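**Student:** Let me give you the structure first, and then I'll get to my questions.
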Amino acid sequence: MKNINYAGIAVTAVLCILLNIGGHVFTLVCPVPFWLNTVGTMISACLCGPIVGGTVGFLSNLISRICFGGSSIIFSLINIIIGLSVGFITKKGLCGTLFGSLCTGILMGIITVACAVPVNCILYDGRTNNVWGSALFDMLSQYRIGTVAKAVISQMFIDIPDKVLSMALAYLTVRLVRKKLSSKNVNGVQNEKA
């Protein structure tokens, strides 16, 4: 039976929640065309599995909603789906390369768009609640484009690059963590043999 490091999982989860909240705060302060609130979800899903990833996603959105208000708590479901999906994809070994991670990011962007657009259309008249996405939505309003099409285009404009960037950051972080742990284990074994 595998030894499970519950303390390590808890510390990873807390740090990833803080990373997600930090990304959310950053996008509130600096209006960038990204969300940056799923990097921690993706890292925790890669390192600790889908359940931890989904939990980190949910708690991050819940805490952000309580502390900063903003978008509907329904968006927690999207972060849960991202955590579960990235965790399962990682278990299948498909995030082991930068290319695989970038493809996973694109997939997460598409999933996010599919989940967010109906919510945005119902609650926010199709707007993304991101300055850049809303600006694109307004620009498209000058043309004869339906609300759903505008919502899809403006959501894709924000979410696909955001999820690709987030997954690339997660991939690099996971590689760094695993490299550090691997060298620590090798050094520990060498010290025991000496």
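**Student:** Using a Gaussian network model of the chain whose springs link C-alpha atoms within less than 10 Å, name the residue from 39, 131, 117 with the highest mean-square fluctuation.
**Tutor:** So, out of 39, 131, 117, the one fluctuating most is 131.
**Student:** Could you order peptides 176-185, 70-79 by the average number of other Cβ atoms within 10 Å of their residues, highest first?
**Tutor:** Highest to lowest by the protection proxy: 70-79, 176-185.
**Student:** Right, here's the next one. Rounding to the nearest 10 and keeping the result within 0 to 90°, find how far the Cα-based axis of helix 98-123 lies from the longest principal axis of the chain.
**Tutor:** It is inclined by approximately 40 degrees.
**Student:** Same structure again: May I ask you to derive the FRET efficiency for residue 183 and residue 63 from their Cβ-Cβ distance with R0 = 30 Å, giving the value to the nearest 0.05?
**Tutor:** 0.35
**Student:** For 108, 42, which order do you get if you count the other beta carbons within 10 Å of each Cβ and list the fewest first?
**Tutor:** 108, 42
**Student:** What are the residues whose amide H is under 5 Å from the amide H of residue 128, where those residues sit 5 or more places off or on another chain and H is modelled from the backbone?
**Tutor:** Under 5 Å from the amide H of residue 128 lie the amide H atoms of 134, each far enough along the sequence or on another chain.
**Student:** Now, a different point. Count neighbours as other Cβ atoms within 10 Å of each site's Cβ, and list the trypsin sites (Lys or Arg not before Pro) in region 130-175 that are DSSP loop with at most 12 such neighbours.
**Tutor:** Here the sparse-neighbourhood loop sites are 144.
**Student:** Which whole-number percentage describes the relative contact order of the chain, with Cα contacts under 8 Å and a sequence gap of 6 or more?
**Tutor:** In percent, rounded to a whole number, it is 22.
**Student:** Give the average over all directions of the projected area of the C-alpha convex hull of region 18-63, one decimal, in nm².
**Tutor:** Orientation-averaged projected area of the Cα hull: 2.9 nm².
**Student:** Moving on to the next point. Using only Cα atoms, locate the centre of region 37-99 and the centre of region 133-165, then give the distance between them in Å, rounded to an integer.
**Tutor:** 23 Å
**Student:** Here's something else I'd like to know. Scaled to the compact-protein estimate 2.2 N^0.38 Å, what is the alpha-carbon radius of gyration of region 6-181, rounded to two decimal places?
**Tutor:** Taking the Cα Rg and dividing by 2.2 N^0.38 Å, one obtains 1.01.
**Student:** Another question, if that's okay. Within the chain, how many Lys pairs that are eight or more residues apart, or on different chains, come under 29 Å at the alpha-carbon?
**Tutor:** Within the chain, the lysine pair count is 20.
Read-outs: derived from the displayed coordinates by stated rules, not from any lab. All values derive from a computational prediction rather than experimental measurement. Reconstructed Cβ throughout: ideal geometry from the backbone, glycine too, with neighbour counts over all protein chains shown.
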